[in-house]
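Down below is the structure, laid out as structure tokens.
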Amino acid sequence: MSFKNKIVVITGGAHGIGKCCAECFEREGAIVHVIDIKQGPWFVGDIADKATLERFANDVLAKSGHVDVLVNNAPPLFKGVDNCTYDEFMHAQAVGVAAPFYLAKLFNNHFGEGASIINISSSRDRMSQPQSESYTAAKGGIAALTHALAASLAGRVRVNSISPGWIDTSFKTYEGPDATQHFAGRVGNPMDIANMVLYLASDKAGFITGENICIDGGMTRQMIYTGDFGWKLEP
């Protein structure tokens with residue numbers, strides 16, 4: 001899957017899954033534009049801010065002229081109903097849903113032939129822990145945004161999302177129940193997601209659009225009953 005001279009845009013590309021994706025695209029010859037709130041040699045800014053998104057899009061287009069791949073990866077705030085303020089909740093939706101929408105809009109007339117948008121959702125778009133409302137709502141939103149954009153951009157841009165499960169961005173190896181609760185027998189790492197991002201961005205995925213692909217080692221398919229495999233609930 002060569003991406004030689006393809007123009008790739010990644011939000012939240014300074015660490016974790018986003019950084020892994022950026023490095024993989026660069027190895028395949030792509031020109032990668034990253035925005036992240038963390039200071040570094042990329043475009044620095046908070047994608048919850050409309051003006052920042054506009055400056056970033058203008059910077060990308062001034063340097064590269066068009067976009068072939070847009071990866072909306074930046075993670076929203078993770079807080080719950082007990083301690084998440086209204087403003088924090090809205091910031092999470094701005095990062096997780098509004099920014100991906102607005103970047104698609106800003107680049108709408110500048111996508112190259114065969115362009116692709118890949119949104120990073122989460123397996124939390126279908127399952128939850130307590131005190132996770134801001135993050136979970138944003139991830140559910142971007143999963144739905146995916147098929148809406150796929151319909152609106154049909155014939156010009158393929159739009160898909162990936163819902164990662166437990167991904168340890170430090171590539172830590174887990175043993176015991178943390179690993180065996182996954183059908184795959186291990187916790188995931190950023191390469192598990194980056195490999196799919198590159199595939200969806202490639203011509204090999206030319207017949208895939210509007211899809212949400214869950215990559216979680218089977219974790220969300222594990223039915224749990226008290227007593228099975230020693231599982232028990234300890235409130």
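The values are calculated or read from the model by the stated rules, or taken from the named source; none is laboratory data. This structure is a prediction, so every number in the text was calculated from the model and none was measured. Neighbour counts run over all protein chains shown; Cβ positions are idealised from the backbone, glycine included.
Here are some notes:
- Test for Ala57: is it more than 22 Å from Ile162 (Cβ to Cβ), touching a residue at least 24 places away in the same chain (Cβ under 8 Å) and not in a loop (DSSP other than H, G, I, E, B): yes
- For segment 11-39, a tally of residues being under 13 Å from the mean Cα position of the chain (by Cα) and over 17 Å from Val95 (Cα atoms) returns 4.
- Unmet requirement for Ser134, which otherwise passes all of (1) within 23 Å of Val67 (Cβ to Cβ); (2) in contact (Cβ under 8 Å) with a residue 40 or more places away in the chain; (3) among the small types (Gly, Ala, Ser); (4) assigned to a helix (DSSP H, G or I): (1)
- Checking Ala74 against (1) touching a helix residue (DSSP H, G or I) at 6+ places or on another chain (Cβ under 6 Å); (2) closer than 22 Å to Met196 by Cα; (3) not in a loop (DSSP other than H, G, I, E, B), the condition it does not meet: (3)
Rundown of residues vs (1) at pLDDT below 95; (2) of a type in the set (Asp, Glu); (3) in contact with a His (Cβ under 9 Å, 6 or more places away or on another chain), yes/no style:
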| position | (1), (2), (3) |
| --- | --- |
| Met1 | yes, no, no |
| Ile7 | no, no, yes |
| His15 | no, no, no |
| His33 | no, no, no |
| Asp46 | no, yes, yes |
| Thr52 | no, no, no |
| Ala57 | no, no, yes |
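- Residues of segment 14-66 satisfying the condition of being more than 20 Å from Ala99 (Cα to Cα) and of a type in the set (Phe, Trp, Tyr): Phe25
- Residue in segment 121-144 that is modelled with the highest pLDDT, counting only those that are surrounded by fewer than 17 Cβ atoms within 10 Å (Cβ to Cβ) and among the polar types (S, T, N, Q): Gln131
- The residue that is nearest to Thr146 (Cα to Cα), counting only those in segment 189-207 that are outside any helix (DSSP H, G or I) and touching a Phe, Trp or Tyr at 6+ places or on another chain (Cβ under 9 Å), is Ser202.
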